[in-house]
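Visitor: One structure coming up, written as structure tokens, with questions to follow.
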Amino acid sequence: MSKRPKLPGPVEAGVLLNSKRRCCLCVYLKNDSTQKRGQISHLDGDPTHNHEDNLAFLCLAHHDEFDSTTSVSKGLTIEEVKRYRQRLYEAYSPRPSTYP
């Protein structure tokens, strides 16, 4: 059994800090912006592809749902998660200071 490679510390920190440990799917599908217990998902399913564009912090339920395959219903798509993640990052990004 192979062991999943660990995310590099700066990459992991970037995802956690940018998301503020909020699940972008909870925020935009359920209007729930509370902090969550979750995991960083590799959106393309490749655990060695550690570029931040391929990663998103998801709550445990949405991580399971994203990783699951369904035969009848339309599952969550990579593009959908990326767009919600971008909206979340924009909403939670620090505002520039107006002080000199």
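The values are calculated or read from the model by the stated rules, or taken from the named source; none is laboratory data. Here the structure is a predicted model, which means the values were calculated and not measured. For neighbour counting, all protein chains shown are included, and Cβ atoms are generated from backbone atoms with ideal geometry for every residue, glycine included. In case anyone asks, the SASA skips ligands and DNA or RNA and just uses the protein heavy atoms, side chains included. Shrake-Rupley method; radii C 1.70, N 1.55, O 1.52, S 1.80 Å.
Visitor: Residues of the chain: accessible area per residue at 1.4 Å, in Å²? Spell out each step's value before the answer.
Guide: Working: 6970 Å² over 100 residues.
It amounts to 70 Å² per residue over the chain.
Visitor: Residue by residue through region 12-27, which ³J(HN,Hα) values in whole Hz follow from phi under the Karplus form 6.51 cos²θ - 1.76 cosθ + 1.60 (θ = phi - 60°), with glycine and proline marked x?
Guide: Per-residue couplings from phi come out as 4, 4, x, 5, 5, 5, 5, 8, 6, 6, 9, 7, 4, 6, 4, 4 Hz.
Visitor: Counting only pairs 8 or more places apart or on different chains, how many lysine pairs in the chain have C-alpha atoms closer than 20 Å?
Guide: Details: LYS20/LYS30; LYS20/LYS36; LYS20/LYS82; LYS30/LYS74; LYS30/LYS82; LYS36/LYS82; LYS74/LYS82.
Going through the chain pair by pair, I get 7.
Visitor: If you don't mind, there's one more thing I want to ask. Taking only the C-alpha atoms, wrap a convex hull around the chain and report its volume per residue in Å³ as a whole number.
Guide: Numbers: hull volume 12.4 nm³, N = 100.
Normalising the Cα hull of the chain by residue number yields 124 Å³.
Visitor: Can I ask one more? So which trypsin sites (Lys or Arg not before Pro) in region 2-100 end up in coil per DSSP with only 12 or fewer other C-beta atoms within 10 Å?
Guide: For trypsin sites (Lys or Arg not before Pro) across region 2-100 that sit outside H, G, I, E and B with at most 12 neighbouring Cβ atoms in 10 Å, the list reads LYS3, LYS6, ARG37, LYS74.
Visitor: Leaving out ligands, DNA and RNA, what percent of the accessible area of the chain is carbon and sulfur, probe 1.4 Å?
Guide: Working: 3630 of 6970 Å².
Heavy-atom surface of the chain belonging to carbon and sulfur, 1.4 Å probe: 52 percent.
Visitor: List every residue whose amide H lies under 5 Å from the amide H of ASP32, counting only residues 5 or more places away in sequence or on a different chain, with H placed 1.01 Å from N in the peptide plane.
Guide: Residues meeting the criterion, in which the H sits 1.01 Å from N, are VAL27.
Visitor: With the dipole of the chain worked out from charges on the C-beta (+1 for Lys and Arg, -1 for Asp and Glu) around the Cα centre, which of GLY45, ALA13, SER73 lies farthest toward the positive end?
Guide: ALA13
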